[in-house]
1. With a cap of 13 neighbouring Cβ atoms within 10 Å, and only residues DSSP puts in a loop, list the trypsin sites (Lys or Arg not before Pro) found in region 6-80.
2. From the mean inverse distance of alpha carbon pairs (Kirkwood) and the Cα radius of gyration, derive Rg over Rh for region 4-156.
3. So for region 4-156, averaging the separation of alpha carbon pairs under 8 Å that are six or more residues apart and normalising by length, what relative contact order in percent results?
4. Could you please report the charge total around Leu4, scoring K, R as +1 and D, E as -1 over all other residues with beta-carbon less than 15 angstrom from its beta-carbon?
5. Can you work out ³J(HN,Hα) from phi for every residue in region 19-28, in order, using Karplus 6.51 cos²θ - 1.76 cosθ + 1.60 and θ = phi - 60°, giving whole Hz and x for Gly and Pro?
6. With a sphere of radius 14 Å drawn around the Cβ of Gln144, what net charge do the other residues whose Cβ falls strictly inside it have (Lys, Arg +1; Asp, Glu -1)?
7. Considering only DSSP beta bridges where both residues belong to the chain, give the percentage that are antiparallel (nearest 5).
8. Return one number: the angle in degrees, 0 to 90 and rounded to the nearest 10, between the long axis of the Cα atoms of helix 63-76 and the longest principal axis of the Cα atoms of the chain.
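Rule-based calculations on the coordinates, nothing more; no lab input. All figures in this text were calculated on a predicted structure; none of them were measured in a lab. Virtual Cβ from ideal backbone geometry, glycine too; neighbours counted across all protein chains shown.
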Amino acid sequence: MPDLITVGMGELKTGGQGDTLAAYGIGSCVVIVCYDRIKPVAAMLHGMLPEKPAKKADSNRYIDCGIENLVKAMLDAGSGINTMEAKFFGGARMFDVKQEGESIGDRNAKKAREALEKKGIKITGQDTGSTYGRNIEYSVKDRQAVIRSFMSGTKTL
């Protein structure tokens, strides 16, 4: 039976045919959706920080090890690395909009792109940056994400 599967900060969840994976209130965090372009399976990671500190345990809170876990979850669900594609969202500069250099949101989006490219996973879309939050709902069946934001309205990717 189809479900709405909510993915909170630092979480990773998978879904199948008819399921919708959702993350709400995305600011500087980055949400990565990895999906199979052939099979009806997808996984969503809600990463908070770009890299795991040296002495911390692996966690889905960190984009670098979270993407490792995301790929493993997809393989466990029957996907092949050659049929995986990804979309990612968030990475906003929510505070100190006049600060110099990369914000945490910029660094999160950059790490997501680097990690996906390193794995050879094609990025088919992204909605990142700016200064506003987002809500993401990804339909596994349709392979589409609906992005809602008070500041920029609704779009589908």
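1. Numbers: sites: Lys13, Arg37, Lys55, Lys56, Arg61, Lys72; in loops: Arg37, Lys55, Lys56, Arg61.
Counting only loop positions with at most 13 other Cβ atoms within 10 Å, the trypsin sites (Lys or Arg not before Pro) in region 6-80 are Arg37, Lys55, Lys56.
2. Working: Rg = 14.4 Å, Rh = 15.1 Å.
Across region 4-156, the Cα-based Rg/Rh ratio is 0.95.
3. Details: 380 pairs, mean separation 41.4, N = 153.
Reported relative contact order: 27 percent.
4. Numbers: positive: Lys13, Lys141, Arg148; negative: Asp3, Glu11, Asp19, Glu137, Asp142.
Summing Lys/Arg as +1 and Asp/Glu as -1 gives -2.
5. 6, 10, 8, 9, 9, 10, x, 7, x, 7
6. Numbers: positive: Arg37, Lys87, Lys141, Arg143, Arg148, Lys155; negative: Asp19, Glu85, Asp127, Glu137, Asp142.
Local charge sum for Gln144: +1.
7. In the chain, approximately 75 percent of DSSP beta bridges are antiparallel ones.
8. Taking the Cα atoms of the chain, the angle to 63-76 is about 10 degrees.
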